[in-house]
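Visitor: Pasting a structure below so you can have a look.
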């Protein structure tokens, strides 16, 4: 696809804030023609950016869709993100950084119209109880969850290709699974319905944006990407709606 909105953010200082395959492009595809970006409610939506990292996805949500965004991440520092958001022309009314563990979110129940989670759900969402017990209580009835998760075209953990092992250990690969795996996990939820689980178009392009970076993690990932490892990998789009 053409990432028309993401091109505005194709700047060195923003690309250096990536913590994995280009999260802005992933987010643009994830939300293209979505229920929340085609907002017929007529009110400003409050959205949780779960696993927001250094905040580039949160900036994208606030600037492109006029959401009120809570940027929640366990590993980034809110004060640093606050400075970044201010430098991007956003106020504390538009975007709020929060240090938060996905397993113990510090918000009021039914606070968010939607949750967006790009390339981090696989770190905490593999527990089949996570959705109903840890995340959905904070979403309004009828609200949405949008997830873009790094995955596999077909689970191959019993015989991992040598291309993938150039960059990642078998333990690290346990965080990546295929569509069937995620469908099985999420279908156990009693509190939401599955709107869509499908393979995303984003793969090679977002990975190539990532391995151009010079941080140690991107450099380490180059070995598998350059050896052709992406033929085994994909990104998976998951859209859920909380039961009313």
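The values are calculated or read from the model by the stated rules, or taken from the named source; none is laboratory data. Nothing here was measured: the structure is a model prediction, and the numbers come from that model. Please note: Cβ atoms are built from the backbone with ideal geometry, for glycine as well, and neighbour counts cover all protein chains shown.
Visitor: Exactly one condition in (1) assigned to a loop (DSSP other than H, G, I, E, B); (2) touching a helix residue (DSSP H, G or I) at 6+ places or on another chain (Cβ under 9 Å); (3) surrounded by fewer than 17 Cβ atoms within 10 Å (Cβ to Cβ); (4) at negative phi is false for residue 43; which is it?
Guide: (2)
Visitor: Still on this structure, please answer the following. Being buried (at least 16 other Cβ atoms within 10 Å of the Cβ) and not in a loop (DSSP other than H, G, I, E, B) is true for just one of 125, 143. Which residue is that?
Guide: 143
Visitor: Given the criterion over 24 Å from residue 204 (Cα atoms) and not in a loop (DSSP other than H, G, I, E, B), identify the matching residue among 115, 149, 59.
Guide: Only one candidate passes the filter, namely 115.
Visitor: List the pairs whose first member sits in the stretch 111-125 and is without any contact (Cβ under 8 Å) to a residue 60 or more places away in the chain, whose second member is in a strand (DSSP E or B), and whose Cβ atoms are under 7 Å apart, counting only residues at least 6 apart or on separate chains?
Guide: As it stands, the answer is 122/149; 122/150, since those pairs meet every condition given.
Visitor: Looking at 154, 244 in this structure, which one is exposed (fewer than 13 other Cβ atoms within 10 Å of the Cβ) and at pLDDT below 95?
Guide: 244
Visitor: Among what's in the stretch 166-212 and is assigned to a helix (DSSP H, G or I) and without any contact (Cβ under 8 Å) to a residue 12 or more places away in the chain, pick the residue that is nearest to residue 21 (Cα to Cα).
Guide: Step by step, filter the stretch 166-212, then rank; the result is 172.
Visitor: Of (1) crowded, with 23+ Cβ neighbours inside 10 Å; (2) closer than 22 Å to residue 209 by Cβ; (3) without any contact (Cβ under 8 Å) to a residue 40 or more places away in the chain, residue 72 satisfies all except one. Which?
Guide: Tallying (1) crowded, with 23+ Cβ neighbours inside 10 Å; (2) closer than 22 Å to residue 209 by Cβ; (3) without any contact (Cβ under 8 Å) to a residue 40 or more places away in the chain, residue 72 fails exactly one: (2).
Visitor: Would you check if residue 69 is part of a strand (DSSP E or B) and under 14 Å from residue 97 (Cα atoms)?
Guide: Considered against the rule, which asks whether it is part of a strand (DSSP E or B) and under 14 Å from residue 97 (Cα atoms), residue 69 comes out as yes.
Visitor: Still on this structure: Given the conditions (1) buried (at least 17 other Cβ atoms within 10 Å of the Cβ); (2) not in a loop (DSSP other than H, G, I, E, B), which single one is not true for residue 86?
Guide: All conditions are met except number (1).
Visitor: Taking the residues in the stretch 1-23 that are assigned to a helix (DSSP H, G or I) and under 18 Å from the mean Cα position of the chain (by Cα) as candidates, determine which candidate is surrounded by the fewest Cβ atoms within 10 Å (Cβ to Cβ).
Guide: Applying the filter and picking the extreme gives 15.
Visitor: Mind counting the residues in the stretch 24-33 that are closer than 21 Å to residue 215 by Cα and assigned to a loop (DSSP other than H, G, I, E, B)?
Guide: Selection size over the stretch 24-33: 0.
Visitor: What about residue 79, is it assigned to a helix (DSSP H, G or I) and within 22 Å of residue 105 (Cα to Cα)?
Guide: Judged against the criteria, residue 79 is a match.
Visitor: Here are some conditions: (1) within 18 Å of the chain's Cα centre (by Cα); (2) buried (at least 16 other Cβ atoms within 10 Å of the Cβ). Residue 213 meets all but one. Which one does it not meet?
Guide: All conditions pass for residue 213, except number (1).
Visitor: Another question, if that's okay. Filter the stretch 219-230 down to residues that are in contact (Cβ under 8 Å) with a residue 40 or more places away in the chain and assigned to a helix (DSSP H, G or I) and give me whichever is surrounded by the most Cβ atoms within 10 Å (Cβ to Cβ).
Guide: 224
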